[in-house]
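Since the structure comes first, as structure tokens, the remarks are kept for the end.
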2 protein chains.
Amino acid sequence: MKSDKKFPKVIIIGGGFGGIQLAKKLRHAEVNILMLDRHNYHTFQPLLYQVATGGLEPDSIAFPIRKVFREQKNLAFRVANVTAIHTENNTISTSIGDFDYDYLVLATGSETNFFGQKEIEHYAMPMKTVPEALNLRSLILQNLEEALIEEDPIRRDALLNFVVVGGGPTGVETAGALAELKNHVLPADYPELDIQRMRIFLIENSERVLTPFSEQASYKAQEFLENMGVTVMLQKLVAAYDGDRVVLKDGEILPTKAVIWSAGVKGATIPGLDKAQIVRGGRIKTQPDNLIVGYNNIFAIGDLAAIESPEYPYGHPGVAQVAIQQGQQLAKNLVRIINNQPTQAFDYYDKGAMATIGRNKAVVDLKYWKFQGFFAWLTWMFIHLLFLVGFRNKMVTLMNWIVNYFSYDRGTRLIIRKFDRDLMKEEAEAI
Amino acid sequence: MKSDKKFPKVIIIGGGFGGIQLAKKLRHAEVNILMLDRHNYHTFQPLLYQVATGGLEPDSIAFPIRKVFREQKNLAFRVANVTAIHTENNTISTSIGDFDYDYLVLATGSETNFFGQKEIEHYAMPMKTVPEALNLRSLILQNLEEALIEEDPIRRDALLNFVVVGGGPTGVETAGALAELKNHVLPADYPELDIQRMRIFLIENSERVLTPFSEQASYKAQEFLENMGVTVMLQKLVAAYDGDRVVLKDGEILPTKAVIWSAGVKGATIPGLDKAQIVRGGRIKTQPDNLIVGYNNIFAIGDLAAIESPEYPYGHPGVAQVAIQQGQQLAKNLVRIINNQPTQAFDYYDKGAMATIGRNKAVVDLKYWKFQGFFAWLTWMFIHLLFLVGFRNKMVTLMNWIVNYFSYDRGTRLIIRKFDRDLMKEEAEAI
């Protein structure tokens, strides 16, 4: 391993937005960094829904972590699952052995939250990783193929119904992308199917979609979705899903073979930390400098971290910008700590939020300017291309978007691996 | 299903080069076509090795079959595994039910031939489908990650040795691509590994690589490979492989955790046909008009078909051009048969052969012109782009090749799904 014995050892668990940013900003610091991730790539999560709906290939939104750090001499990377933290002797246990640290940073992000509903967890599709997005893509296409040979009209409708649970950005963008598939792509692919029987439901617990956005953005997003044919159901809760029928809390029943679960996330914690510091949403309570409360050398950043403040009583929103900015801030603070200087509190600069619903249809909330429609859609694309890691990924994604736009098509409707719910679990563990 | 009861039913099994071409050429014929394939996409097999070695994403070399036939009114497509042919009543059994035919065309191609060696079949990696190419990609990257944490030098060397068996175009191109990875990509990705310990072996049974090519092409290809660091071993046979060590027939032993098997193929037959017609290489003996000997309404084209002739005593070579030309010819013959006209014999027009070894290094054999090197490499790229199905695929592939060329890099080194030999079998059945 590249290392210099004099320098303190920093272990960063997770190569998401926060971990990558932190490690990059430490490139000139006098530390030896070990980054661990269960995948050998960084995932650009905001575009996972496009992989799931056939608009992009997985390779465009993922980037090899080794390549990010090619030039960085003070960092080593390993593919590993971290199984436990031993705070008493500053070590961690992983699938490839134990490692000791001087400073430990948890940048593990969040995972899908099924709120303890085991049956829903078994049957609904999460979409937080590339393999999960590919599973969803396979399921969507398999259901259409099955609908084609299903003679029972009720079972056929269930195969053609898609229920998206959760009206946050992921849910809204997924429902919109499914509507685009229905409106532009599938009629030509499946001339034998009455594609008007395909229905897309978006179920949201609160009284509007995109609750973190402005009301203006919410209402416009809902209008876009409804114009595209999505049935938006507000103030509804999913009570059960058995693989065939969604039962809502008010008793309404939606027959469907595909439920996409984007209703919530929880912090991806690792055993070994004081459970008292785990707060709402499975996050870990940290000081304003991202030091976990009760420890002096263990930090959390990004989705996992909860810096409670009057403005953000449950911590900052679980978005890429927070993770990136916390990674940057923690890099500065680690250098300060090593130099025996006091740390500085994290101060979130909210750059705004955006979501795309369909072609020419997006909503953008900036601090002083909120706009929707075609220009918002261009802005959304520009910003996402800008943040996508790697020149090749930017170019291939831009190319796909241009081709998709002018052809009214999605290029990558391939069932590369059949989705099989029973095999999935074993595989998910192997991944 | 789109169908007109008056017209004869043609079932085409397989959406490879031959099946696609046949169906396209029948678009104005008075027939009702049903095409079946176990995947919902056509695979451009000549570029599978680039998917396996991280140069291209799978979506660039696969194309949705439904999209190919969007405008074709006389064709229906179904994803199905065909399990048996019942020639006595002109029906087939499939995973989605039975279908009856007036004319049946087997365009199922070929599958990897392990020549009955069960242990090799279990441990070696085939590369005939997209999922197999992705498994190989994962294995290559996983072995490198493991080598990094392996402390035993012998086991580490085994993780860094790659043995390609079979010196045909696939074997040569794969060995060349692995050498490019070693020479240009991996040193930067794995600065902690002594990448010079990585060795690539190409094992060929006969006395030169690329036996179907001119001697000039064979020797130049070998020279290219050796200059790139590949150990070319001629007149060698693999006797055994137990997952750790390849044993050659002459007793030599190569420790390796990755054997890529491109040593042979056999026809992908379906139960129910007269076994007497199965000849060398598992192919089915057909008349010169591709009618299977002994039947009057069942045809075979492409890799599966053996039209024995003085020039091709065991049938034509198993290449895309033969399948394409036989598909075109059979389309004409089917129309003739339906109109009670005599069929015409297939006449293969050999356009030549080409293989690429590395950047600026390829060999091209045309009928009257054989050339190697940079111009051959440009020719190879041009022809492959031309034959790749779909505008998007052509553009994305061109973009990748340009970026790879100038960056000396491969964009898509992602372990999207971990390769696990024990899980693989179950999954392969599910696919």
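The values are calculated or read from the model by the stated rules, or taken from the named source; none is laboratory data. All of these numbers come straight from a predicted model, not from anything done at the bench. Counting neighbours? That spans all protein chains shown, and the Cβs are built from the backbone with ideal geometry, glycine included. When the accessible area is computed, the model is the full protein with side chains, heavy atoms only, and any ligands, DNA or RNA have been set aside. Shrake-Rupley method; radii C 1.70, N 1.55, O 1.52, S 1.80 Å.
Compute the label-point distances linking B:K249 to its equivalents in the other copies; points lie 7 Å from Cα along Cα→Cβ; give nm, one decimal, shortest first.
7.3
Which residue, A:R410, A:R199, A:R280, has the most motion in a Gaussian network model of chain A that connects Cα atoms within less than 10 Å?
Among A:R410, A:R199, A:R280, the largest GNM mean-square fluctuation belongs to A:R280.
I need to check one value: relative contact order of the range A:135-237, counting alpha carbon pairs closer than 8 Å and at least 6 residues apart, in percent.
On the way: 140 pairs, mean separation 29.3, N = 103.
Reported as a whole number, the value is 28 percent.
Say a label goes 7 Å from Cα toward Cβ at B:H28 in every copy; what distances in nm does this one have to the rest, shortest first?
7.0
So which residues in the range A:72-115 end up with at least 20 square angstrom less accessible surface once the other protein chains are there, compared with the chain by itself, probe 1.4 angstrom?
In the range A:72-115, residues shielded by partner chains: A:R78, A:V79, A:I96.
Determine the share of chain A's accessible area contributed by carbon and sulfur atoms, expressed in whole percent, with a 1.4 angstrom probe. Write out the running numbers ahead of the final one.
Working: 9130 of 17750 Å².
Answer for chain A: carbon and sulfur cover 51 percent of the accessible area.
Longer than 30 Å from Cα to Cα, which of A:K418/B:K275; A:K67/A:K351; A:K285/A:K361; A:K118/A:K275 are they? Say none if no pair is. Mind showing how you got there, number by number?
Numbers: A:K418/B:K275 32 Å; A:K67/A:K351 28 Å; A:K285/A:K361 38 Å; A:K118/A:K275 23 Å.
Flagged as over cut-off: A:K418/B:K275; A:K285/A:K361.
Just tell me which aspartates and glutamates come within less than 12 Å, Cα to Cα, of A:K257; anything on the same chain fewer than 8 places away is out.
Within the straight-line cut-off, A:K257 pairs with A:E146, A:D157, A:D242, A:D244.
Which whole-Hz couplings ³J(HN,Hα) result when phi for each residue of the range A:250-259 is put into the Karplus expression 6.51 cos²θ - 1.76 cosθ + 1.60, θ = phi - 60°, listed in order with x for Gly and Pro?
Ordered by residue, 3J(HN,Hα) equals 7, x, 5, 10, 10, x, 7, 9, 9, 10 Hz.
Restricting the count to DSSP beta bridges whose residues both fall in the range B:1-120, what percent are antiparallel, rounded to a multiple of 5?
On the way: 11 of 25 bridges.
Counting only bridges with both partners in the range B:1-120, antiparallel ones make up about 45 percent.
Per-residue counts of other Cβ atoms within 10 Å, averaged by peptide: what ranking do you get for B:59-66, B:392-399, highest first? If you can, show how the numbers build up before the last one.
On the way: B:59-66: 26.5, B:392-399: 20.4.
So the order, starting with the most tightly packed, is B:59-66, B:392-399.
Report, to the nearest 10°, how far helix B:421-430 tilts away from the longest principal axis of the Cα atoms in chain B, using its own Cα long axis and a range of 0 to 90°.
Helix B:421-430 sits at roughly 20 degrees to that axis.
At q = 0.09 Å⁻¹, what is the base-10 log of I(q)/I(0) for the range A:174-301 according to the Debye formula with one equal point scatterer per Cα and no solvent? Please give it to two decimals.
-0.44
Where both residues lie in the protein assembly as shown, what percent of DSSP beta bridges are antiparallel, nearest 5?
Numbers: 64 of 130 bridges.
Antiparallel: roughly 50 percent of the beta bridges in the protein assembly as shown.
How do A:S95, B:S138 stack up against each other in accessible area, from largest to smallest, with a 1.4 angstrom probe?
On the way: A:S95 80, B:S138 5 Å².
Per-residue accessible area, sorted high to low, gives A:S95, B:S138.
Give the ranking of B:E308, A:E57, B:E207 by solvent-accessible surface, highest area first, calculated with a 1.4 Å probe.
Details: B:E308 85, A:E57 0, B:E207 130 Å².
Sorted descending by solvent-accessible area, the residues read B:E207, B:E308, A:E57.
What is the distance in Å between the Cα centroid of the range A:173-238 and that of the range B:352-394?
What the calculation gives is 46 Å, centre to centre.
Which FRET efficiency value, to the nearest 0.05, is calculated for A:S206 and B:D100 with the Förster distance at 45 angstrom and r the Cβ-Cβ distance? List each step's numbers first, then the result.
Working: r = 55 Å, r/R0 = 1.22.
With R0 = 45 Å, the Cβ-Cβ based efficiency is 0.25.
Of B:W377, A:W380, which has the most accessible area with a 1.4 Å probe, and how do the rest follow in descending order? Write out the running numbers ahead of the final one.
Working: B:W377 25, A:W380 5 Å².
Solvent-accessible surface, decreasing: B:W377, A:W380.
Taking θ as phi - 60°, what are the ³J(HN,Hα) couplings along the range B:32-49 by the Karplus curve (6.51, -1.76, 1.60), each to the nearest whole Hz, with x for Gly and Pro?
Residue by residue, the range B:32-49 yields 10, 9, 10, 9, 10, 8, 6, 10, 8, 9, 8, 9, 8, 4, x, 10, 4, 5 Hz.
Specify the residue with the greatest mean-square fluctuation among A:L304, A:L414, A:L202, computed from a Gaussian network of chain A linking alpha-carbon atoms under 10 Å apart.
With Cα springs under 10 Å in chain A, the top fluctuation among A:L304, A:L414, A:L202 is at A:L414.
Chains A and B: how much accessible area gets covered up at their contact, both sides added, probe 1.4 Å, in Å² to the nearest hundred?
Details: alone 20420 and 20380 Å², together 35470 Å².
Using a 1.4 Å probe, the pair buries roughly 5300 Å².
With θ set to phi - 60° and the Karplus curve 6.51 cos²θ - 1.76 cosθ + 1.60, what are the ³J(HN,Hα) couplings of the range A:407-415 in order, to the nearest whole Hz, using x for Gly and Pro?
Per residue, the Karplus-derived 3J(HN,Hα) values read 8, 6, 9, 10, x, 10, 8, 10, 8 Hz.
Just to confirm, what accessible area per residue do you get for the protein assembly as shown at 1.4 Å probe, in whole Å²?
Details: 35470 Å² over 862 residues.
Solvent-accessible surface per residue comes out at 41 Å².
With a 1.4 Å probe on protein heavy atoms only, tell me which residues of the range A:384-402 lose at least 50 Å² of accessible surface in the complex relative to the chain by itself.
Output list: A:R392, A:M399.
Name the residues of the range B:34-62 whose accessible area falls by at least 10 Å² when all protein chains are present instead of the chain alone, probe 1.4 Å?
Buried by the other chains: B:N40, B:Y41, B:E57, B:P58, B:D59, B:A62.
Return the tail of the calculated pair distribution for the range B:91-181, meaning the percent of Cα-Cα pairs more than 15 Å apart. Walk me through the numbers before you get to the answer.
Numbers: 3006 of 4095 pairs.
Cα-Cα pairs in the range B:91-181 separated by more than 15 Å: 73 percent.
Taking A:L386 in one copy and the same position in all the others, each labelled 7 Å out along Cα→Cβ, what are the pairwise distances from the first, in nm, shortest first?
4.3
Helix-derived [θ] at 222 nm for the protein assembly as shown: sum -39500 (n - 2.57) over DSSP H runs of at least 4, divide by residue count, nearest 500?
On the way: 27 runs with 286 residues, N = 862.
That comes out to -10000 deg cm²/dmol.
Report, for chain B, the % of DSSP beta bridges that are antiparallel, rounded to 5.
Numbers: 32 of 65 bridges.
So the antiparallel bridges amount to about 50 percent of the total.
Across the residues of B:279-288, average count of Cβ atoms on other protein chains within 10 Å? Please report the intermediate quantities before stating the final value.
Values: counts 0, 0, 0, 0, 0, 0, 0, 0, 0, 0.
Mean partner-chain Cβ count within 10 Å for B:279-288: 0.
Given N residues in the protein assembly as shown, what is Rg(Cα) / (2.2 N^0.38 Å)?
Numbers: Rg = 28.4 Å, N = 862, 2.2 N^0.38 = 28.7 Å.
Compared with the compact-globule rule of thumb, the protein assembly as shown sits at 0.99.
Nearest beta-carbon of A to the rotation axis carrying it onto B: which residue, how many whole Å?
A:E57, 2
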